[in-house]
1. If you check every pair at least six apart or on different chains, which have Cβ atoms under 7 Å apart with a residue in segment 84-98 that is in contact (Cβ under 8 Å) with a residue 60 or more places away in the chain first and a residue that is crowded, with 16+ Cβ neighbours inside 10 Å second?
2. Residues in segment 35-48 that are at pLDDT 85 or above and surrounded by 10 or more Cβ atoms within 10 Å (Cβ to Cβ): how many?
3. What is the residue count in segment 58-85 for residues that are closer than 20 Å to residue 107 by Cβ, under 27 Å from the mean Cα position of the chain (by Cα) and modelled with pLDDT under 90?
4. Which condition from (1) in a loop (DSSP other than H, G, I, E, B); (2) within 28 Å of the chain's Cα centre (by Cα) is the one that residue 25 breaks?
């Protein structure tokens, strides 16, 4: 059997291979053609750890100190208060987390999907709950 054509598995594309053969009496077979599609690999889901930075300011853009940030997820449940720069920094595994930020009657709840280092910016407005 003789094969013509080749496939480069490292390069996405469409490749054609043709197979020919002869029997012992020298009679040629009907050639058979096969098409091979090489596609780009889909990367596996991220499984690393990432930094999530919460930046909390008031309506005038000033950092809010000591706001409490509570993050909850499948594997993590962490509470941190913002520092003097209005930031709370978490290191978490990739995944979906719910969070609650609160201080002095101000509260906000939402979700964040973490697949890379992420910054969540929150503005504390009095009376917002």
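The values are calculated or read from the model by the stated rules, or taken from the named source; none is laboratory data. Owing to the predicted nature of the structure, the values given are computational and were not obtained by experimental measurement. Here the Cβ is made from the backbone with ideal geometry for all residues, glycine too, and neighbour counts use every protein chain on show.
1. From segment 84-98, no pairs qualify.
2. 2
3. Of the residues in that region, 7 qualify.
4. So residue 25 meets the others, but not (2).
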